[in-house]
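Data block below; observations after.
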Amino acid sequence: MALVEETLFGTQDKVQIAIQRLKAFEPPEGYYVAFSGGKDSQTIYHLCKEAGVKFDAHYSHTTVDPPEVIYFMRQRYPDVIVDYHDTTMWKLIVKKGMPPTRMVRYCCDELKEGGGRGRIAVTGVRWEESSKRKHNRGLLELNNYTRNYVRLMNDNDEARRMFETCVMKSMHTLNPIIDWTEEDVWEYLNSRNIPHCCLYDEGFTRIGCIGCPLAGAAQMRFEFARYPKYKKAYLNAFQKMLEAREGNGKPYHKWKTAEDVMAWWLDESKRTKEDEDQLTFFLDEDAA
């Protein structure tokens, strides 16, 4: 079993280790569990149940959520609190004057990261999902934030720690399954007969916002083929974005139509770091 390993230091039970981590940092008011409806967030939800710790689970409604995830959550996790926001993805695109990208994830910052302030948040972040997979990190981390890079709650990179402190957001983050593999996650859910969202059986390897650039262009095309109304909504937002920039006297010379924006967004070979740096410059200029 992947969840039970024989090491030089004896047998290690990853479930019990995760449970011990949850018990060790349990705050009097309980944890804020960041729930997405995906396999990793399901795992931390049920681990909190097994650990017997106090918690309340929250789902951030982003307005680009797969309908299947909403249905699954309402059916299987009715106790999860759905947090709504004052804005939408469509309004953000017009306001920011650019589509969200891997480097500029204003949508995550405004639609997913507002909850848990002043709390200890539990996430399903795992090192394995990072491209570099460096495990030689410490237990406690004080994050340093710069204007150019702010780590988001759901970032999976080699710099993530098991326990983190974010001064900017006045919150702490505990990642109890940070050293788990995908095999571990599935073994945990299946061994306990915990149902998962149907999207995993229908071609999805991850569950997130429809059209999320972090999923890659191929996955974005796959999702837009499945959800054409969402693709149309993005095109409408891109058109309004172009009109807004035209009205502000700052038109994009590269993009004339919403289809031009969509073509650039879905073709990773056309997106360069220089492109995104230039877009970020426009975004920062407008925010000034």
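Please identify the trypsin sites (Lys or Arg not before Pro) of the range 81-129 that satisfy two criteria: DSSP loop assignment and at most 15 other Cβ atoms within 10 Å. Which are they?
Working: sites: K91, K95, K96, R102, R105, K112, R117, R119, R126; in loops: R102, R105, K112, R117, R119, R126.
Sites meeting the loop and neighbour criteria: R102, R117.
Starting from the Cα gyration tensor of the range 27-109, take the square roots of the eigenvalues, sort them a ≥ b ≥ c, and report rounded, prolate or oblate (rounded when a/c is under 1.5, otherwise prolate if a/b is larger than b/c, else oblate).
Working: a/c = 2.43, a/b = 1.95, b/c = 1.25.
It is prolate, given that a/c is not under 1.5 and a/b is the larger ratio.
Give the residue list of trypsin sites (Lys or Arg not before Pro) in the range 194-234 that are DSSP loop and have at most 13 other beta-carbon atoms within 10 angstrom. Don't skip to the end; give the middle numbers.
Details: sites: R206, R221, R226, K229, K231, K232; in loops: R206.
The qualifying sites: there are none.
Going by C-beta contacts inside 10 Å, put T205, T43, T101 in order with the fewest on the left. Present the calculation step by step, with values, prior to reporting the outcome.
On the way: T205 9, T43 24, T101 17.
The fewest-first ordering by Cβ neighbours comes to T205, T101, T43.
No lab work stands behind these numbers, since they all come straight from the coordinates. Quick caveat: nothing in here was measured; it's all calculated off a predicted structure. In this analysis, Cβ positions are derived from the backbone assuming ideal geometry, glycine residues included, and neighbour counts consider all displayed protein chains.
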